[in-house]
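**Student:** Have a look at this one before I ask anything.
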Amino acid sequence: MSGSAVLQLHADHTYHANPLPALIPENGPRGGGLEIRLYDIDPDAAQARAQAHEGAQVFKAASNRPHGLREAYILDADRYCWVPSRPLNADEVEAVDA
């Protein structure tokens, strides 16, 4: 299955006696520390959608990174960190290295 991925997420009530809710402070952020990376997703478009969405926050604006990706860091209302990214083209890589 080259070029595809399967991601499965569970809610607290997914199965009986889920131990995870006991680890989360009652009023604390749910997603604190979790980073969900989304590859081949335009970070600039995702950033624009986040800026228009109440509760979302652009934590780090879209930028070209030395590891060859353009990426943005977006926090949702539950404080999960979403990182959409796409590969840099040759000109962008050269500009980052300069």
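**Student:** Could you calculate the FRET efficiency of Gln57 with Arg37 from 1/(1 + (r/R0)^6), where r is the beta carbon distance between them and R0 is 22 Å, rounded to 0.05?
**Tutor:** Values: r = 18 Å, r/R0 = 0.80.
Efficiency for this residue pair is about 0.80.
**Student:** Arranged from highest to lowest average of other beta-carbon atoms within 10 Å per residue, in what order do the peptides 48-57, 73-82 appear? It would help to have the intermediate numbers written out before the result.
**Tutor:** Values: 48-57: 12.4, 73-82: 17.5.
Order by mean packing, descending: 73-82, 48-57.
**Student:** Whole number please: convex hull volume per residue of the Cα set in the stretch 44-85, in Å³? Before the final figure, lay out the partial values.
**Tutor:** Numbers: hull volume 2.2 nm³, N = 42.
Hull volume over Cα atoms, normalised by residue count, gives 51 Å³.
**Student:** Set the Förster radius R0 to 30 Å, insert the Cβ-Cβ distance between Ser4 and Glu92 as r into 1/(1 + (r/R0)^6), and round the FRET efficiency to 0.05.
**Tutor:** Numbers: r = 25 Å, r/R0 = 0.84.
It comes to 0.75.
Read-outs throughout are calculated quantities, based only on the coordinates presented, and are distinct from any laboratory measurement. Model, not experiment: these values are computed from the prediction. Quick reminder, even Gly has a Cβ in these numbers, built from the backbone with ideal geometry, and neighbours come from all protein chains shown.
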